[in-house]
Amino acid sequence: MAGPLEGIRVVEIAGLGPAPFGAMVLADLGADVVVVDRPDHVLGASPETAKGNVYARGRRSIAVDLKRTEGVEVVRTLARAADVFVEGFRPGVMERLGLGPEVLRADNPRLVYARMTGWGQEGPLADRAGHDLNYLGLAGPLAHIGRRGQPPTPPLNLVADFGGGGMLLALGVCAALVERASSGEGQVVDAAMVDGVALLAAPIASAYMLGYFNAERGTNWLDSGAHYYEVYETADGGWLSVGAIEPAFYANLLRGLGLAGEDLPDQQDASQWPAMKERFAAVFRTRTRDEWMEVFAQLDACVAPVLTFAEAPQHPHLRARSTYVDVEGIVQPAPAPRFDRTPASLSRPPAPAGHHTDEVLAEAGYDAAAIAGLRERGVVA
């Protein structure tokens, strides 16, 4: 059985960060994704060196020189037979190359043209450079991530690049494909990381607007302010995540910590949160991480170990679900979400640049002589 996007053909212009991640998700879900790499990336490329680039998995690669008219025509030929076109450059770059949505959708009106940028296709900052942290800062969430009395904390580049960026790009593509089934027409998907970050923050932003979320970092129940939603160090230098928000889970947490019979402040008395944190921290430091997990194994208290990327794949739950898989010696996250009839899968390991150039060109209608000519002229590699 193939994934739910089987039969969907995607042309992706190689880039960095969120657009490749979005294309990876589409490939995981069964789409046939062809990534257009640069010819100079072919030098030194090999399957052995490429396989560690996990988020390049699932694609075939063709190397094309987009600075040449013939190279642009190659990509137009691929796009004429595609369902989706993905690019992640600043506004105007693809138009200058002759591969903008007006051109490609004139060739193929059913094409879904997906654009991934930081600031969007228009607006005062549209042509400016930026990275995950900038979008996270401008949209609002970064100001509220961090501990009390400390600067805002960068939460890796997961939120804007991959959550608000690549993941929403993939969702936008899927939505446009669903709409196309009834209209018969493609459309442009403008996925901007700054928009995606704002959307992801909707519950917290609304709580702030309604006065339920303090502006000061580290003073709220979900931002390390509360003692029952915190990370605690254990005797061996390990860490435990505690998220005992609901009263029933909090009661079990106290039971596991041996504090159930004590006269303690009300769970939601924020004035006592700092003192309760100190109390909890002292107790957690009396045992190792694994010893605490044995204590909480039979208590539904929302307590889980903080595992590294090296440890996580070995956890019994993740092993049972095959959340991490081994592909040619490279351990990596498995595709998600899961489908009972059309399961997602890892169809191909990451390929070196240009690895499938001849194969893809032949499928597009180029004969052996034409392919040889393109290669001799440096149009493809």
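Count, please, the residues in the stretch 187-216 that happen to be in contact with a helix residue (DSSP H, G or I) (Cβ under 6 Å, 6 or more places away or on another chain) and either in a loop (DSSP other than H, G, I, E, B) or hydrophobic (A, V, I, L, M, F, W, C) (or both).
Filtering the stretch 187-216 down to residues in contact with a helix residue (DSSP H, G or I) (Cβ under 6 Å, 6 or more places away or on another chain) leaves 187-189, 191, 193-194, 196-198, 200-201, 213.
Now narrow it down to the ones that are either in a loop (DSSP other than H, G, I, E, B) or hydrophobic (A, V, I, L, M, F, W, C) (or both): 187-189, 191, 193-194, 197-198, 200-201, 213.
Total meeting the criteria: 11.
When you scan the stretch 153-170, do you find a residue that is β-branched (Val, Ile, Thr), buried (at least 18 other Cβ atoms within 10 Å of the Cβ) and within 15 Å of ILE8 (Cα to Cα), even just one?
Start the filter on the stretch 153-170 by keeping residues that are β-branched (Val, Ile, Thr), which leaves 153, 159.
So of that shortlist, the ones also buried (at least 18 other Cβ atoms within 10 Å of the Cβ) come out as 159.
Next cut, within 15 Å of ILE8 (Cα to Cα) only: none.
No, that holds for no residue.
Take the residues in the stretch 187-240 that are of a type in the set (Val, Ile, Thr) and touching a Gly at 6+ places or on another chain (Cβ under 8 Å), then tell me which one is nearest to ARG289 (Cα to Cα). Spell out how you get there, then give the answer.
Step one: filter the stretch 187-240 for residues of a type in the set (Val, Ile, Thr), giving 188-189, 194, 197, 204, 219, 231, 234.
Keeping just the survivors that are touching a Gly at 6+ places or on another chain (Cβ under 8 Å) gives 189, 194, 197, 219.
Numbers: VAL189: 46, VAL194: 38, VAL197: 34, THR219: 26 Å.
Among those residues, the one meeting the criterion is THR219.
Pairs please, first residue from the stretch 197-219 and on the phi > 0 side of the Ramachandran plot, second anywhere and surrounded by fewer than 18 Cβ atoms within 10 Å (Cβ to Cβ) and not small (Gly, Ala, Ser), Cβ atoms under 9 Å, 6+ apart in sequence or on different chains.
GLY218/ARG147; GLY218/ARG148; GLY218/GLN150
Quick one: which residue in ALA344, ALA334, ALA312, ALA301 is surrounded by 14 or more Cβ atoms within 10 Å (Cβ to Cβ), under 30 Å from LEU259 (Cβ atoms), within 19 Å of the chain's Cα centre (by Cα) and aliphatic (A, V, I, L, M)? Break it down into steps so the answer makes sense when it comes.
Details: ALA344 fails: under 30 Å from LEU259 (Cβ atoms); ALA334 fails: under 30 Å from LEU259 (Cβ atoms); ALA301 fails: within 19 Å of the chain's Cα centre (by Cα).
Within the list ALA344, ALA334, ALA312, ALA301, the selection yields ALA312.
The conditions are (1) without any contact (Cβ under 8 Å) to a residue 60 or more places away in the chain; (2) under 18 Å from GLY237 (Cα atoms); (3) not β-branched (Val, Ile, Thr), and PRO316 fails exactly one of them. Which is it?
Every listed condition holds for PRO316 apart from (2).
Looking at the stretch 136-152, which of its residues are in contact with a Pro (Cβ under 7 Å, 6 or more places away or on another chain) and buried (at least 16 other Cβ atoms within 10 Å of the Cβ)? It would help to see each step written out before you state the result.
Filtering the stretch 136-152 down to residues in contact with a Pro (Cβ under 7 Å, 6 or more places away or on another chain) leaves 142-143, 145-146.
If the condition is that a residue be in contact with a Pro (Cβ under 7 Å, 6 or more places away or on another chain) and buried (at least 16 other Cβ atoms within 10 Å of the Cβ), then LEU142, ILE145, GLY146 are the ones that fit.
Out of VAL178, VAL72, VAL173, report the one residue that is within 29 Å of GLU359 (Cα to Cα), surrounded by fewer than 22 Cβ atoms within 10 Å (Cβ to Cβ), at pLDDT 95 or above and not charged (D, E, K, R). Don't jump to the end; show me each part of the working.
Details: VAL178 fails: within 29 Å of GLU359 (Cα to Cα); VAL173 fails: surrounded by fewer than 22 Cβ atoms within 10 Å (Cβ to Cβ).
Residue meeting the stated conditions: VAL72.
Is it fair to say ALA114 is part of a helix (DSSP H, G or I) and either under 20 Å from GLU95 (Cα atoms) or in contact (Cβ under 8 Å) with a residue 12 or more places away in the chain (or both)? Give the derivation first.
Details: part of a helix (DSSP H, G or I): no; either under 20 Å from GLU95 (Cα atoms) or in contact (Cβ under 8 Å) with a residue 12 or more places away in the chain (or both): yes.
In short, no.
Hey, which of the helices (runs of 4 or more DSSP H) in the stretch 1-97, taking only ones fully inside, have at least 3 residues that are closer than 20 Å to PRO349 by Cβ and of a type in the set (A, V, I, L, M, F, W, C)?
Values: elements: 18-28, 47-50, 69-80, 93-97.
Answer list for the stretch 1-97: 18-28.
Considering (1) farther than 30 Å from GLY137 by Cβ; (2) surrounded by fewer than 18 Cβ atoms within 10 Å (Cβ to Cβ); (3) among the small types (Gly, Ala, Ser), say which one SER241 fails and leave the rest.
Here SER241 meets the rest and fails (1).
The values are calculated or read from the model by the stated rules, or taken from the named source; none is laboratory data. Since this is a predicted model, take the numbers as computed values, not measurements. Quick reminder, even Gly has a Cβ in these numbers, built from the backbone with ideal geometry, and neighbours come from all protein chains shown.
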